[in-house]
1. Of all residues in the range 34-87, which are of a type in the set (Ser, Thr, Tyr), modelled with pLDDT under 90 and assigned to a strand (DSSP E or B)?
2. Output the number of the condition that Asp26 fails; it satisfies all remaining conditions of (1) modelled with pLDDT of 85 or more; (2) surrounded by 13 or more Cβ atoms within 10 Å (Cβ to Cβ); (3) assigned to a loop (DSSP other than H, G, I, E, B).
Amino acid sequence: MFHQSGGCCDGSSPMCYPDGDLIVGDQDVYLGEIGGAPFYIHRNQFEYWKHTQLIIDVVDGRGGMFSLEGVEGKRFLTRSRAFTEEENKELQSES
C-alpha cells in the first residue's frame, strides 16, 4: 500500500508499506491505486493537495527510512500539477 506522507522523518514523500504495516484511519482518504496497491493520504494533506493531480514517480536516490524502496537505490517522488478549470468543474460535478 502507499500513503502520502505529510512530513516529519521522511518529509512529504509517498511511502510504500507491506499491506497491514500501516493502519489506515478514518482521517485517511483513499485516492485510488498504484499498480494494484491502494493509495491513501491524510485528510489534512488531501485538503492541501485536492486542487492538484498527484503523480507518483520513481527516481534514483535514497528512499525514506520507513518505505520499502529505501534500500533499492530508488525512491518514490510526488510530482503535482494544478487541475485545469475544466478538470475542477468535472471533479465538482462528481461529488
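1. Correct list: Thr78 only.
2. (2)
The values are calculated or read from the model by the stated rules, or taken from the named source; none is laboratory data. Quick caveat, the model's predicted, so the values are computed rather than measured. Reconstructed Cβ throughout: ideal geometry from the backbone, glycine too, with neighbour counts over all protein chains shown.
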